Every structure is written in C-alpha cells, then in structure tokens.
Amino acid sequence: MIRVTRLNGERFALNPDLIERVEGHPDTVAFLVDGTKYVVKESVDEVLTEIREYRAGILATSYAMDRGEYRIAVPEDGEPDVSSVVPFPSREER
C-alpha cells in the first residue's frame, strides 16, 4: 500500500496494484481500475515514486526470502506481528 493525502489533509493508504492511471490537471487524480477516483495532494511524480518504492520493497523482500535472509521484525513488546509474511523455504531446502 502507498500513503497519499486527500486535499483536506487526511492521509490514507491506496493499493497501487489497483491504480489504472494518475493524471495531474491541475490536481492529481488517481483512477482505479473499478472507476473510483481519488484527488490527492501529491504530484504525479510523487505518486509514481511511491509506487516504484512499494514495488521495489516487494522485490527486495522476495529476494531476501529466497536467500533465507528475511527476518520478521519483532516489536519492542516482544510479540511478533501475527499478520507478518511467512518466509518460504529456500531453494536448497526443497
């Protein structure tokens, strides 16, 4: 998910896999595949950068999981997040 800001200042998360296109005229509008439109404060370039960083993060996590280097971050309270990604076995373990 990427974080964007409505014109009223409210922050929310948007699934970049559902974004069909982003236009700037003059406000930035994100059009989703289902026809939903969101007007956001960020520029088109900022939204595209967020999408690129989101996808790069997925690839980096996948790479780390494949190499057996991925570790679930444990919060300060010592309880792991139950919604964390479960690592897949490395190719050598199969």
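The protection proxy used here, the mean number of other Cβ atoms lying within 10 Å of each residue, ranks peptides 24-31, 42-49, 53-60 as follows, highest first: 42-49, 24-31, 53-60. On full extension, the segment bounded by T49 and A64 gains 3.2 nm, given 0.36 nm per residue less the C-alpha separation. Approximating the spin labels as points 7 Å out from Cα along Cα→Cβ, the V29-to-E76 distance works out to 4.4 nm. With a Förster radius of 25 Å applied to the beta-carbon distance between L7 and A56, the computed FRET efficiency rounds to 0.35.
None of the figures in this text is laboratory data; all of them are computed from the coordinates on show. Computed from a predicted structure; not experimentally measured. With ideal geometry, Cβ positions are generated from the backbone for all residues, glycine too; neighbour counts draw on all protein chains shown.
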